[in-house]
Amino acid sequence: MRIARRSFLAGAAGALIAPRLQAEIDTSGLRPMTGDVAPIAAVERMARLERARTLMRAHKLDAVLIEPGSAMRYFGGIRWWRSERLTALVLPVRGQPVVVTPFFEEPSIRETLAIPADVRVWQEDEDPLALVAGALRDRGAGGGTIGVEETVRFFASDGLGRRLPQARLASADPVVRGCRLLKSPAEIALLAKANAITEAALRWTWARVRPGQTPGELMGMVNAATVALGGETPDGMALIGEASAYPHGSRAPQRVREGDAILFDCGCTVEGYTSDISRTAVLGRAPDAVRRVWDTVAEGQQVAIRAARVGAPAGSVDDAVRAFYTGRGYGPGYRLPGLSHRTGHGIGLDGHEPVNLVHGERTPLAPGMCFSDEPGLYLPGRFGVRLEDCWHMTEAGPRWFTTPPASLDRPFG
């Protein structure tokens with residue numbers, strides 16, 4: 001469940017630590033785990049484009065507009081960011097994709113561009129959306145229906161609509177989600193590697209936790225270990241004591257004390273694919289109350305995985321966990337003390353992707369879908385427990401990326 005990068009806790013009493021301090025952490029005993037990593041191959045990227053075209057035809061879309069982010073990386077390999085200067089990817093149902101980018105950015109864009117594409121550049125005194133509109137006209141889509149990827153900013157979609165008044169703008173979800181929802185074996189391998197690195201980093205860190213340490217110091221160790229093990233963009237939070245009762249933490253000062261719940265929620269990326277693991281542990285003797293809640297959450301994880309069956313609605317996993325917790329006196333529903341957030345979320349190039357394991361979600365589970373399983377329990381004013389492992393659906397049922405801990409006495413395996 002970790003917060004998106006650049007957590008709101010950054011710089012507070014919370015999750016992150018200054019790079020200078022992280023660099024001082026001795027990780028000389030760790031070695032990269034990424035020697036066998038295989039990036040997404042060119043043949044798979046071409047298959048993605050063909051799948052997108054098939055879905056565009058099925059949903060009567062003539063093209064799809066994408067801005068920088070995970071969707072652009074998924075289809076084009078392009079690793080870029082968003083700014084006031086528009087970079088866009090146009091996927092037409094007919095013809096070669098088009099990348100529109102500032103003139104001075106073209107060499108950098110081409111460094112990660114992984115598909116054959118027509119790159120069109122604009123100067124600082126030119127209109128980039130006019131260039132996008134021209135690309136769509138050239139591909140026969142200027143008067144058709146253009147799918148807009150769900151994260152495209154308003155200025156881009158609105159500006160395009162004004163430059164192509166004969167076109168109709170529609171959601172590109174049937175295409176983009178239709179491609180990204182089911183992961184390939186290559187994607188699953190990258191997700192597995194990212195999760196393995198995070199698990200190893202947490203295990204290494206826990207052996208070095210001492211009374212008096214702050215959340216920033218804890219995350220400094222996790223992040224340093226993650227980088228040493230080959231993970232990229234390490235991110236997450238450590239919540240101590242009462243802060244663990246609030247899923248995304250607290251700005252209140254926190255220090256490790258024996259007997260307090262310590263909740264880690266961490267992840268990294270490998271070739272862009274994301275991990276997400278939570279562990280709750282106690283330094284020293286665990287209070288009976290924490291142990292009882294921990295054991296209930298561990299059982300809740302297993303309730304969720306048992307409910308995950310091919311063809312079952314994604315929301316039924318969440319329903320099964322809530323029914324179990326209600327029987328233990330928590331809730332009901334999303335009420336506290338209990339489980340105040342969904343049981344899990346999709347995961348891939350984004351830490352949180354559709355679909356969610358949440359009440360009312362009717363999407364049937366299918367092989368290739370990947371999820372987190374994190375049915376935490378939170379007791380406001382006291383403590384919280386979250387255990388989170390990710391899994392992927394196979395024809396035979398769900399398969400863990402990492403093995404959930406069996407005991408509070410061995411919270412990291």
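The values are calculated or read from the model by the stated rules, or taken from the named source; none is laboratory data. Just so you know, these numbers come straight off a predicted model, no measurement behind them. With ideal geometry, Cβ positions are generated from the backbone for all residues, glycine too; neighbour counts draw on all protein chains shown.
Exactly one residue out of G14, G35 is under 21 Å from V227 (Cβ atoms), modelled with pLDDT under 95 and outside the structural domain of M221 (by TED's automatic domain parsing): that is G14. Taken as a whole, the condition of being surrounded by 20 or more Cβ atoms within 10 Å (Cβ to Cβ) and either farther than 30 Å from A135 by Cα or modelled with pLDDT of 95 or more (or both) does not apply to A58. For the criterion of being without any contact (Cβ under 8 Å) to a residue 40 or more places away in the chain and in the same structural domain as G351 (by TED's automatic domain parsing), G284 passes.
Considering the range 210-256, and only residues there that are of a type in the set (S, T, N, Q) and modelled with pLDDT of 95 or more, the residue that is surrounded by the most Cβ atoms within 10 Å (Cβ to Cβ) turns out to be T226.
If we only count strands (runs of 3 or more DSSP E) wholly inside the range 277-388, which ones have 2 or more residues that are β-branched (V, I, T)?
Qualifying strands (runs of 3 or more DSSP E): 277-282.
Looking only at residues of the range 389-411 that are in contact with a strand residue (DSSP E or B) (Cβ under 7 Å, 6 or more places away or on another chain) and in a strand (DSSP E or B), we find that the one that is nearest to P185 (Cα to Cα) is H392. Contact annotation: no residue pair with Cβ atoms under 7 Å, 6 or more positions apart or on different chains, pairs a residue in the range 180-193 that is farther than 16 Å from A42 by Cβ with a partner that is at pLDDT below 95.
Being polar (S, T, N, Q) and more than 19 Å from M1 (Cβ to Cβ) is the filter here; which residues of the range 363-402 pass it? Hits for the range 363-402 are T363, T394.
Take the range 38-57 and flag every residue that is among the β-branched types (V, I, T) and not in a loop (DSSP other than H, G, I, E, B). Hits for the range 38-57 are V43, T54. Checked against the criterion of being surrounded by fewer than 23 Cβ atoms within 10 Å (Cβ to Cβ), over 20 Å from W294 (Cβ atoms) and not charged (D, E, K, R), the candidates P405, P337, P364, P380 yield just one match: P364.
Per the conditions (1) surrounded by 22 or more Cβ atoms within 10 Å (Cβ to Cβ); (2) assigned to a loop (DSSP other than H, G, I, E, B), the sole criterion not satisfied by I197 is (2).
If you go through the range 141-176 and keep only what is buried (at least 20 other Cβ atoms within 10 Å of the Cβ) and under 23 Å from the mean Cα position of the chain (by Cα), you end up with V148, E149, V152, A172, V175, V176.
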